[in-house]
Amino acid sequence: MHTTGPISGRRPTRRTLLKAAGAAAVTAPTLAAVAPAASAATVGAAADWDVIVIGAGFAGITAARELRARGKRVLVLEARDRIGGRTWTDTYGGQLIERGGTWVEPTQPYLGAELTRYKLALEEDEPISTTWLPTPKGPRQFTPEDGFGRMGTVFERMFDGTRTYFEKPFQPLHRADLLQSLDKLTLRDRLTQLALTPEEELLVNGQTAVYAGGSSTAGAFTMFAHWWALAGHTNAGWNDTMRWRIAKGTKALLQAMVDEAKPTIKLSSPVASVNDTGSLVYVTTTSGTRYSATAVVVAMPVNALSTVKFSPSLPAALTTATSQGIAVTNAVKLWIHARKGAGRVYGQGAEGGSPIPMLLPFKETSEGMLYVAFSTDPGLDPTNTAQVKKAVQQLGVNLDVIGVKAHDWGRDPYARGGWAFRKPKQLTTLYPEVTFTSGRLSFASGDIANGWSGYIDGAIESGLRAARQAAGEE
Ligand SMILES: Cc1cc2nc3c(=O)[nH]c(=O)nc-3n(C[C@H](O)[C@H](O)[C@H](O)COP(=O)(O)OP(=O)(O)OC[C@H]3O[C@@H](n4cnc5c(N)ncnc54)[C@H](O)[C@@H]3O)c2cc1C
């Protein structure tokens with residue numbers, strides 16, 4: 001096992017170093033005091049920083065804030081020219097849009113606490129007026145109540161028993177005894193077990209396939225079951241997970257965290273290597289700049305960990321996780337701008353059907369309407385409006401497409417995947433080791449949360465935990 005216990009048990013803290021240097025008093029670092037050269041000179045120690053955080057997504061920014069609150073000198077190294085990672089607030093059609101993570105649920109505990117802390121309001125999606133769902137005779141229109149109700153009836157059968165095997169959803173292995181056999185199942189295995197009618201199968205397999213990255217054979221049944229449990233074990237709870245957004249965008253929450261903690265953030269600084277000598281950690285960027293710290297929080301996507309050279313090498317569970325991948329690698333999110341006409345329509349396709357299996361209405365614009373859509377089909381060119389229009393037509397929805405804005409998260413070098421969706425056996429074989437420390441390193445990512453893995457809430461949860469580990473508190 002690669003856990004080595006609290007980091008602080010093996011190294012002097014900044015406070016003890018200052019005492020050793022004869023400093024009369026230790027004060028919380030002011031902004032001026034976070035300049036690395038001055039700090040290193042003061043303590044006479046070799047470390048430029050107390051903690052380096054690699055990655056400025058929700059996990060990294062949360063960890064940085066928590067460590068600053070503990071008086072640590074924190075440097076955040078971010079590969080991109082922006083913070084936010086797999087969340088990305090942008091504009092399109094005159095509206096604020098999210099090119100990555102979007103929906104939040106006020107009952108998600110870690111996210112909810114942040115909304116309260118920074119007094120950030122949520123905005124509710126306007127209600128869907130009609131749903132197009134696949135049937136054996138082709139796409140059919142349902143009222144939202146009927147359509148989502150029918151889907152819910154199948155999901156309730158599918159996830160029957162979660163109250164027992166995910167009795168404590170934030171301790172996912174609380175009933176490891178029951179999960180051993182369930183975690184071997186793919187979503188496809190579970191659908192087969194239920195012996196669904198063709199009508200029932202078509203109501204849900206587009207959703208199971210898209211979440212798992214394109215095929216129900218790719219994703220673990222326990223992953224979706226875990227989300228269902230976290231959402232309160234009900235269809236209503238599950239539907240609520242795609243209902244609320246942060247009114248001012250995910251960026252507003254990140255910015256509030258940064259404004260409070262004021263960590264030093266260096267953008268456009270991809271990390272190439274991390275060398276833990278036992279007494280210090282050296283972090284070197286691709287441009288060759290080297291920084292040192294007494295602890296490092298690695299807050300990169302799990303799929304991208306393989307792009308950094310770690311010495312000593314990563315713990316076995318994380319090596320396996322990054323080689324297998326946790327986030328789905330075919331994850332394209334599209335924003336489709338269409339002229340008025342189709343209205344507030346929800347479209348869902350069958351597994352293996354349309355290259356765009358999920359379409360949701362967003363907001364009216366001066367020219368028409370914005371829709372959010374997802375694709376996991378590598379054959380789709382999301383910049384080709386004719387292809388997009390045809391794919392949406394396969395759902396039964398006719399859109400007069402004005403334009404499309406899309407991001408391919410799988411091909412994004414600093415993500416290498418979209419939302420997390422574990423594969424069979426990953427929960428029972430990799431947890432909890434993926435969350436353990438290794439030497440002076442701790443690991444944060446929404447991909448390895450105990451609760452809402454694959455969500456912003458999970459990223460915040462992991463950032464809080466990694467900060468406690470880096471501070472030597474656990
Ligand atoms: C299309 C899509 C839709 C989603 N929808 C939702 C949703 O509706 N609701 C929800 O809650 N969640 C959603 N998610 C998931 C959510 O966005 C993520 O779980 C969360 O943002 C992950 O945060 P993180 O900090 O763990 O990782 P990231 O946000 O990926 O942050 C990691 C950071 O590390 C940086 N990095 C990578 N490599 C290096 C390197 N070598 N050196 C330095 N920095 C590096 C990256 O640039 C990035 O900024 C969605 C995700 C996607 C992609």
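Here's the yes/no breakdown for (1) of a type in the set (A, V, I, L, M, F, W, C); (2) free of Cβ contacts under 8 Å to residues at least 24 places away in the same chain:
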position	(1), (2)
G147	no, no
G152	no, no
F166	yes, no
F170	yes, no
L178	yes, yes
S181	no, yes
L185	yes, no
R190	no, no
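Which fully enclosed strands (runs of 3 or more DSSP E) of region 99-166 have 3 or more residues being within 16 Å of the ligand (Cβ to nearest atom)?
Details: elements: 122-124, 130-135, 138-142.
Those strands (runs of 3 or more DSSP E) span 122-124.
Identify all residues within region 168-183 that are open to solvent by 60 Å² or more (accessible area, probe 1.4 Å), within 23 Å of the chain's Cα centre (by Cα) and of a type in the set (D, E, K, R); write none if there are none.
K168
Which residue pairs have Cβ atoms under 9 Å apart, sit 6 or more places apart or on different chains, and have a first residue in region 222-249 that is at positive phi and a second that is away from the ligand (no atom under 16 Å from the Cβ) and aromatic (F, W, Y)?
These pairs meet every condition: H233/F159; H233/F166.
List the residue pairs whose Cβ atoms are under 8 Å apart, where the first residue sits in region 68-82 and is open to solvent by less than 10 Å² (accessible area, probe 1.4 Å), the second is acidic (D, E) and in a strand (DSSP E or B), and the two are 6 or more positions apart or on different chains.
Filtered contacts from region 68-82: R73/D50; V74/D50.
Restricting to region 232-253, and then to whatever is in a loop (DSSP other than H, G, I, E, B) and more than 12 Å from the ligand (Cβ to nearest atom), can you tell me which residue is nearest to the chain's Cα centre (by Cα)?
So in region 232-253, the residues in a loop (DSSP other than H, G, I, E, B) come out as 232-234, 241-243, 247-249.
Subsequent filtering for residues that are more than 12 Å from the ligand (Cβ to nearest atom) retains 232-234, 247-249.
On the way: G232: 20, H233: 21, T234: 22, A247: 19, K248: 19, G249: 16 Å.
Only one residue fits best here, namely G249.
Okay, residues lined up against (1) touching a Pro at 6+ places or on another chain (Cβ under 8 Å); (2) more than 16 Å from G152 (Cα to Cα); (3) open to solvent by 10 Å² or more (accessible area, probe 1.4 Å):
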site: V204; (1), (2), (3): no, no, no
site: T217; (1), (2), (3): no, yes, yes
site: A220; (1), (2), (3): yes, yes, no
site: A231; (1), (2), (3): no, no, yes
site: G237; (1), (2), (3): no, no, yes
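Report yes if G349 is buried (at least 21 other Cβ atoms within 10 Å of the Cβ) and under 25 Å from L202 (Cβ atoms), otherwise no.
Numbers: buried (at least 21 other Cβ atoms within 10 Å of the Cβ): yes; under 25 Å from L202 (Cβ atoms): yes.
It is true that G349 is buried (at least 21 other Cβ atoms within 10 Å of the Cβ) and under 25 Å from L202 (Cβ atoms).
How about region 99-117: which of its residues are over 19 Å from W452 (Cα atoms) and surrounded by 15 or more Cβ atoms within 10 Å (Cβ to Cβ)?
If we filter region 99-117 for residues that are over 19 Å from W452 (Cα atoms), which is where we start, we get 99, 117.
Passing the criteria: only R99.
Please work out if T428 is within 13 Å of the ligand (Cβ to nearest atom), of a type outside the set (A, V, I, L, M, F, W, C) and either at negative phi or out of contact with any helix residue (DSSP H, G or I) (no Cβ under 7 Å at 6 or more places or on another chain) (or both).
Working: within 13 Å of the ligand (Cβ to nearest atom): no; of a type outside the set (A, V, I, L, M, F, W, C): yes; either at negative phi or out of contact with any helix residue (DSSP H, G or I) (no Cβ under 7 Å at 6 or more places or on another chain) (or both): yes.
When the stated conditions are applied, T428 does not pass them.
Give me a count of the residues in region 42-84 that are more than 7 Å from the ligand (Cβ to nearest atom) and part of a strand (DSSP E or B).
8
For region 285-313, enumerate the residues that are within 11 Å of the ligand (Cβ to nearest atom) and open to solvent by 30 Å² or more (accessible area, probe 1.4 Å).
T286, S306, T307, K309
Give the residues of region 225-259 that are farther than 30 Å from A64 by Cβ and of a type in the set (G, A, S), sorted by residue number.
Residues satisfying the conditions are A225, A229, G232, A236, G237.
Any idea which residue in region 374-388 is most open to solvent (accessible area, probe 1.4 Å), counting only those that are touching a strand residue (DSSP E or B) at 6+ places or on another chain (Cβ under 6 Å) and either hydrophobic (A, V, I, L, M, F, W, C) or farther than 23 Å from G101 by Cα (or both)?
T385
Run down A406, A331, A321 and say which single residue is within 14 Å of the ligand (Cβ to nearest atom), among the small types (G, A, S) and open to solvent by 10 Å² or more (accessible area, probe 1.4 Å). Please lay out each step first, then the result.
On the way: A331 fails: open to solvent by 10 Å² or more (accessible area, probe 1.4 Å); A321 fails: open to solvent by 10 Å² or more (accessible area, probe 1.4 Å).
Answer to the check: A406.
Which number in (1) more than 14 Å from the ligand (Cβ to nearest atom); (2) open to solvent by less than 60 Å² (accessible area, probe 1.4 Å); (3) over 23 Å from W88 (Cβ atoms) marks the one condition that R422 misses?
(1)
The values are calculated or read from the model by the stated rules, or taken from the named source; none is laboratory data. Just so it is clear, the structure is predicted and the values come from calculations on it, not from any experiment. Here the Cβ is made from the backbone with ideal geometry for all residues, glycine too, and neighbour counts use every protein chain on show. The accessibility values were calculated without ligands, DNA or RNA, using every heavy atom of the protein model including side chains. Shrake-Rupley method; radii C 1.70, N 1.55, O 1.52, S 1.80 Å.
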